[in-house]
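These notes concern the structure reproduced below.
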Amino acid sequence: MRIGLLFIFLSFTALAQPAFSQQHFKKQIPAGNYSGICPLGDNLFAVVDDKAPTDGFHVMRLVVDSLSERITEVEYMGYRSSGLPNRDMEGICYHPSTRTVFISGEADNEVFEYTLDGQRTGRRLQMPDFIRQAEPNYGLESLTYDSCRHLFFTATEHVLPGESQVRLLAFGDDLTLQRQYLYQPDAPLSPKHLYGISALCALADGRLLVMERQVRIPRLKIGASALTRIYEVTPADDEQLEKTLLVEFKTRITLFGRKFANFEGLCQVSPSLILLIADSQDRYKGVLRDWFRLERVSPSM
């Protein structure tokens, strides 16, 4: 009887797996605290690590088969360091016209520009002073560049003290603040859940994706869960952004499964696919993994 019940449980678990399975590459990719990702072209991706020894970014080669919707080739290309101290790098985006990347840091709440070999150029987004009010570890978590509008978008992970909504900031190619939008994040599922905006992604068709996550980790770790929701918004003339849910899934740690993933990075890899990357806390105690996940997005209407 017990064997039969176990077989039924395992069969149900297999049937309940999400359509898009997660992938990890233990041998090809070093353990990390990956928190942001952006495409550089030619299957190359820049990835930031908020616990890296120095300020900079990793480069990985990832080949995505759009037919099978799987990552089929992986190669680690090394770390490109500025030689400066780590500043809790969280978001990264590529700026096509200058062939540079911009990286947001949560420790200093700044967004600096870097050459593709990892050196700072001396330029940065002209961040307004009120961003300094962000609570520790809840500052600038996300960053993306919108090639349609020629705008950088960034936001704090949490609402600023004394406010009720997150400010989504838009900066022009001249690096100055152009617009501010208001975004209402989901309320925490419980007082024990860690929550907030973990990533932004500007799609090639002009839409903007906002990734929110809710994480709960019990003391014994078994039963830990992470709920990921990806919303679509369309920045326009209105200050208030209306969001539409596009993707929702949950990952867990169970007695039989270790697919728990705290996804912090998001980028577009094809007109219909987005790529997520998780922070494994350096593959914590051999339980967590550096998960990659592909999700489908419908074309704009």
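The values are calculated or read from the model by the stated rules, or taken from the named source; none is laboratory data. None of the values given here were measured: they were computed from a predicted structure. Cβ sites come from the backbone with ideal geometry, for glycine too, and all protein chains shown count toward neighbours.
Among the residues of region 136-156, how many are over 24 Å from residue 204 (Cα atoms) and either in a strand (DSSP E or B) or in contact with a strand residue (DSSP E or B) (Cβ under 9 Å, 6 or more places away or on another chain) (or both)? Counting residues in region 136-156 that are over 24 Å from residue 204 (Cα atoms) and either in a strand (DSSP E or B) or in contact with a strand residue (DSSP E or B) (Cβ under 9 Å, 6 or more places away or on another chain) (or both) gives 2. Which of (1) outside any strand (DSSP E or B); (2) modelled with pLDDT of 95 or more; (3) among the charged types (D, E, K, R) does residue 113 not meet, given it meets every other one? For residue 113, the exception is condition (1). Determine if region 224-239 includes at least one residue that is outside any strand (DSSP E or B) and over 30 Å from residue 164 (Cα atoms). No, there is no match, as no residue in region 224-239 is outside any strand (DSSP E or B) and over 30 Å from residue 164 (Cα atoms).
One residue alone among 223, 257 is in contact with a helix residue (DSSP H, G or I) (Cβ under 9 Å, 6 or more places away or on another chain) and not aromatic (Phe, Trp, Tyr), and that residue is 257.
Among the residues of region 66-76, those identified as in a strand (DSSP E or B) and surrounded by 13 or more Cβ atoms within 10 Å (Cβ to Cβ) are 70, 71, 74, 75, 76. Contact map, region 171-182: first residue assigned to a loop (DSSP other than H, G, I, E, B), second residue of a type in the set (A, V, I, L, M), Cβ cut-off under 9 Å, separation 6 or more or different chains; pairs are 173/151; 175/111; 175/125; 176/125. If the condition is being in a strand (DSSP E or B), more than 12 Å from residue 101 (Cβ to Cβ) and touching an Asp or Glu at 6+ places or on another chain (Cβ under 9 Å), then region 26-61 contributes 34, 35, 49, 60, 61. Which residue is surrounded by the fewest Cβ atoms within 10 Å (Cβ to Cβ), if the candidates are limited to region 203-223 and must be within 16 Å of the chain's Cα centre (by Cα) and outside any loop (DSSP other than H, G, I, E, B)? Once the filter is applied, the top-ranked residue is 214.
Checking region 133-143 against the condition returns a match, with at least one residue being touching a Pro at 6+ places or on another chain (Cβ under 6 Å) and either surrounded by fewer than 18 Cβ atoms within 10 Å (Cβ to Cβ) or at pLDDT below 95 (or both).
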